[in-house]
Structures are given as C-alpha cells and as structure tokens.
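First the structure, in the form of structure tokens, and then the observations on it.
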Amino acid sequence: MLKRFSAALLKHKNRLGVFATGLTANYLIVFVFDYCLYPFFIWKLGLLRGGLVMTLLGLVVCLGAFVLYDWAKKDWFGLELLKAVRENEGHSRLARWSAWLMKKSNFLMLVVLSVKFDPFITTIYMRRGAHQYRGMSRRDWGIFLASLGIGNLCWALATFGGITGLERLYGLARRCLG
C-alpha cells in the first residue's frame, strides 16, 4: 500500500508541485489582503470608503491573477481538475453523483464561493470548460462582478463589525481601568 502511494506521488509530483505553489501563493496574498489591508482601510477610511478602496484593489489583483493564470496555462489550485469531474458524468455511481451535485445550483454555488473565496477563484471554478485558458466570456464577467460585490460586501461588513467591536471593548477597558 505504501509503495503504491509513493508511486502515485512520484507520478504526479509536477502537478502536486504546481498545486502547492499556487495554494501557498494564494494563501499569502489572501492573508495580507484580508487580514492586513482590509482591516486597515476599513479602520482608517470607514465602511463605505474603505470598502470601496478594497473592492477596487481586489478588482485589480483578481484581474491580474486572471491574466497570469490564462497566460501560464497551469491549474494552480486543482480547479480545472474539479471542473473536469463536474463536466464528465463518468461511469461510476460516485462520479455521476459528484457531477450532479456540482452542477445543481449555479446561484447557490456563486454565493457560497463568493463568501468563502475571492472573485478570481469563484470565476475560474464557474467558468465553463476545463483546461481552456481562454479569457473571460460575458457570462464569466457577470460571475466575476457579482462575486466581487458579494464577497466584498460580506468582508467589509464583517471587518467593520470586528473593528467596531474592538473599539468598544477598548473604550470599555479604558473606562474600567482608568
């Protein structure tokens, strides 16, 4: 069993390396963006102006990621693999069930992915066709802009709520201690 696992790892080492690189880079970008820049701009500029600045910054970053993704033609996140599963009915019961589940609701998928991931990831996953690094169609632009709005609205409100709560706790602590 261990030999088969080792052989499978060796067989797919390039793909695993691309996934690891893509996921690590994405994690670092998302961490800086969501946990450093977003709170700073919301704190300094307020909910509306800070949210607008971060939405525009997110637009630029995600569009840059699209250009790089389509230019490199590499499946950095395994999304093309997931799309291939979604689009291929397969012969096994598990393959057919997985494809059915992933196709069930585009709107629900848009909302869930937009809240959990950035517009780049959401649009790449929802873009039709696996391994077709071909830019964005009109449909893809709609998904991208909807995801940008949904995700930034949720993140701006969550960040604003967190900052407001911390400010109130700080004020309460100052009153109690001083």
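The values are calculated or read from the model by the stated rules, or taken from the named source; none is laboratory data. In this text the structure is predicted, and so the values were computed from the model without any measurement. No Cβ is skipped: glycine too gets one built from the backbone with ideal geometry, and neighbour counts run over all protein chains shown.
Select from region 122-152 the residues that are out of contact with any helix residue (DSSP H, G or I) (no Cβ under 6 Å at 6 or more places or on another chain), of a type outside the set (A, V, I, L, M) and at pLDDT 90 or above and list them in ascending order. Once the filter is applied, which keeps residues that are out of contact with any helix residue (DSSP H, G or I) (no Cβ under 6 Å at 6 or more places or on another chain), of a type outside the set (A, V, I, L, M) and at pLDDT 90 or above, region 122-152 yields S137, R138, R139, W141, G142, G149.
Take the residues of region 56-81 that are in a helix (DSSP H, G or I) and not hydrophobic (A, V, I, L, M, F, W, C): which is nearest to T21 (Cα to Cα)?
Only one residue tops the list, namely Y69.
Answer yes or no as to whether D75 is at pLDDT 75 or above and either exposed (fewer than 15 other Cβ atoms within 10 Å of the Cβ) or farther than 20 Å from F160 by Cα (or both). The answer is yes for D75. Just to be sure, is L177 closer than 27 Å to L56 by Cα, modelled with pLDDT of 80 or more and either in contact with a His (Cβ under 9 Å, 6 or more places away or on another chain) or of a type in the set (A, V, I, L, M, F, W, C) (or both)? In short, no. Under the condition of being loosely packed, with under 12 Cβ neighbours inside 10 Å and not basic (K, R), the residues counted in region 153-178 number 10. If the condition is being under 18 Å from F107 (Cα atoms) and not in a helix (DSSP H, G or I), then region 130-160 contributes only S137.
With respect to I163, determine if the residue is in a helix (DSSP H, G or I) and closer than 19 Å to S114 by Cα. Walk me through how you get there before you give the answer.
Details: in a helix (DSSP H, G or I): yes; closer than 19 Å to S114 by Cα: no.
No: the conditions fail for I163.
Here's the yes/no breakdown for (1) under 22 Å from L145 (Cα atoms); (2) surrounded by 14 or more Cβ atoms within 10 Å (Cβ to Cβ):
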| residue | (1), (2) |
| --- | --- |
| N14 | no, no |
| N26 | yes, yes |
| F31 | yes, no |
| Y38 | yes, yes |
| K44 | no, no |
| G51 | yes, yes |
| A65 | yes, yes |
| W71 | yes, no |
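Within region 115-143, the residues that satisfy the criterion of being charged (D, E, K, R) and farther than 17 Å from A65 by Cα are K116, R128, R138, R139.
Filtering region 103-152 to residues that are among the charged types (D, E, K, R) and buried (at least 19 other Cβ atoms within 10 Å of the Cβ) leaves D118, R127. Considering only residues of region 1-36 that are under 27 Å from K116 (Cα atoms), among the small types (G, A, S) and more than 14 Å from the chain's Cα centre (by Cα), which is modelled with the lowest pLDDT? For region 1-36, the residue satisfying everything is G17.
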